[in-house]
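The values are calculated or read from the model by the stated rules, or taken from the named source; none is laboratory data. Just so you know, these numbers come straight off a predicted model, no measurement behind them. Note: ideal-geometry Cβ built from the backbone for every residue, glycine included; neighbour counts use all protein chains shown.
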């Protein structure tokens, strides 16, 4: 970690550094179809079994990480939006057992999470918690200890020299640039995306940061990212993910000034 999770296509001379919650499912799907054409089953499971760099021998893996003939790339995302996406997709409406369990361990003492063994029990155990409490729990621990979906992005990149780092917020620009540099047709489908909607609040809270998870689950869709933030939470998330903010040129409420992150 982090290199063992990189997706490597030796024939196409491509290496992708996947960062959770940054359109990774879509990019993995493109690389899988590029490698084998059609495939069956879950995208992440297929890539893990067949295309991750750890499936190659150490010599080939080292060459992929350093050879100048290999095009190495990644996609980064606004840290304030990314943690809301993780909260909505993995905590409010969880789709995987492991990540929900990690959220439960983050929010509750051992005596609680040890008793919750099913997804339904785990969802019930965290229903009273809020986005504010989730953020405070995340920011109270070292980044490297976290679940992949709220782990700081710079930790994924390590010290490998990437040829290109694109912005999730300008995916079309990234698609065009990767296609231009590699000569490949890049076809990115929008997979596993969160659905956001403006909601009419049914509580007295100033924003959704203090609304319990159980109540947010009753909404038709997850509120938009900025609806979860109070001024102190903006500062809290920015401070915790400061290396992502500075390295990739992000601000809370502004699009990045440059065309590419790197």
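Just one of the numbered conditions (1) more than 15 Å from the chain's Cα centre (by Cα); (2) in a helix (DSSP H, G or I); (3) in the same structural domain as residue 25 (by TED's automatic domain parsing) is not true of residue 106: (3).
Does at least one position in the stretch 85-95 carry a residue that is in the same structural domain as residue 133 (by TED's automatic domain parsing), on the phi < 0 side of the Ramachandran plot, loosely packed, with under 14 Cβ neighbours inside 10 Å and touching a helix residue (DSSP H, G or I) at 6+ places or on another chain (Cβ under 8 Å)?
Initially, the stretch 85-95 is screened for residues in the same structural domain as residue 133 (by TED's automatic domain parsing), giving 85-95.
Among the residues that remain, those that are also on the phi < 0 side of the Ramachandran plot are: 85-95.
Retained after the next criterion (residues that are loosely packed, with under 14 Cβ neighbours inside 10 Å): 95.
The next check asks that each one be touching a helix residue (DSSP H, G or I) at 6+ places or on another chain (Cβ under 8 Å); those that pass are 95.
Within the stretch 85-95, one or more residues are in the same structural domain as residue 133 (by TED's automatic domain parsing), on the phi < 0 side of the Ramachandran plot, loosely packed, with under 14 Cβ neighbours inside 10 Å and touching a helix residue (DSSP H, G or I) at 6+ places or on another chain (Cβ under 8 Å).
Is it true that residue 46 is buried (at least 19 other Cβ atoms within 10 Å of the Cβ) and either within 17 Å of the chain's Cα centre (by Cα) or farther than 30 Å from residue 215 by Cα (or both)? Here the answer is no, as residue 46 does not meet what is asked.
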